[in-house]
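Below is one structure; the comments refer to it alone.
Please treat every number below as a calculation from the coordinates, not as lab data. Quick caveat, the model's predicted, so the values are computed rather than measured. Because the Cβ atoms are built from the backbone with ideal geometry, glycine has one as well, and the counts that use them run over all protein chains shown.
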Amino acid sequence: MTIEDVAQLASYYPVQLLAYFSIPPVLSWILGIFQRNRVVVGIKKYVYSLLIFLVTIPGIVSLSLTAYLIFFSRQNLLKLNILIYFLPIISMIVTLAFIGRKADFDSIPGFDRLSGLMALIAVTFFIILLIYKTRIFVVFYGSLEYLLIIGVILFVLLQRAAAKLFK
């Protein structure tokens, strides 16, 4: 089963996708109404953490896939399924914006690791894109599979370097 097969399978359930990605922003907005100050205490910080994880992991995957389709595959954005490729990104941004307006991200458990993961994926993707666009890889007669392998190796190396740097 490929990633394209998973996306095709998920597109058969548009109501469930719409519900899954619209509930966290609505809940974060409702919780923000009752938030008095930016310090989050009690069970609310764990609810915020759950909402962030529910939208950020699919949002990161969707953002990575969309960026891959734009920069590497040169896919037409008009032919992409909105619910699969853009709704998770929009839900992630809206949920983080609602929570960020009313709560301090430092007080939410697990957000520091998640933001580090997002930064690490962004840096790895930028390096791979730089290698791809400068055509350095053509010298080695490499294919896209080799570029992806280099990307995974870069991700692991950057992750270990960041862990040693900030330990």
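Can you give the angle from 0 to 90° between the axis of helix 144-165 and the longest principal axis of the chain, with both taken from C-alpha atoms, to the nearest 10?
Once rounded, the angle reads 50 degrees.
Starting from region 15-101, pick out the trypsin sites (Lys or Arg not before Pro) whose DSSP state is loop and whose Cβ has at most 14 other Cβ atoms within 10 Å.
Here the sparse-neighbourhood loop sites are Arg36, Arg38, Arg74.
Under 25 Å between alpha carbons: how many lysine pairs meet that in the chain, if sequence neighbours fewer than 8 apart on the same chain are excluded?
Numbers: Lys44/Lys102; Lys45/Lys102; Lys45/Lys167; Lys79/Lys133.
Close lysine pairs found across the chain: 4.
Suppose every K and R has +1 on its Cβ and every D and E has -1 on its Cβ; what is the size of the dipole of region 1-109 about the Cα centre, in Debye to the nearest 20? Numbers along the way, then the final one.
Values: 8 positive and 4 negative charges, 85 e Å.
In debye, rounded to 20, region 1-109 gives about 400.
If I model a spin label at Tyr13 and Thr134 as a point 7 Å from the Cα along the Cα→Cβ vector, what separation in nanometres do I get?
Each label point lies 7 Å from its Cα, and together they span 4.3 nm.
Summing -39500 (n - 2.57) over the DSSP H runs of n ≥ 4 in the chain and dividing by its residue number, what mean residue ellipticity at 222 nm do you reach, to the nearest 500 deg cm²/dmol?
Details: 7 runs with 122 residues, N = 167.
Calculated from helices alone, the mean residue ellipticity at 222 nm is -24500 deg cm²/dmol.
Would you list the P(r) distribution for the chain, with all Cα-Cα distances sorted into 10 Å bins from 0 and each bin expressed as a whole %?
Once binned at 10 Å, the Cα pair distances of the chain give 9, 31, 31, 22, 6, 1.
Report D for region 63-115 in µm² per second (integer): Stokes-Einstein, Kirkwood Rh on Cα pairs, 10 °C, 1.306 mPa s.
Working: Rh = 13.0 Å.
So the translational diffusion coefficient is about 122 µm²/s.
May I ask you to compute the full-extension gain from Met118 to Ile43, defined as 0.36 nm times their residue separation minus their alpha-carbon distance, rounded to one decimal in nm? Walk me through the intermediate numbers first.
Working: separation 75, 0.36 × 75 = 27.00 nm, distance 2.52 nm.
Gain in length upon complete extension: 24.5 nm.
For region 81-98, just list the computed ³J(HN,Hα) in residue order, Karplus coefficients 6.51, -1.76 and 1.60, θ = phi - 60°, integers in Hz, with x standing in for Gly and Pro.
Once rounded to whole Hz, the list reads 6, 4, 5, 8, 9, 10, 4, x, 5, 5, 4, 5, 5, 5, 5, 5, 5, 5.
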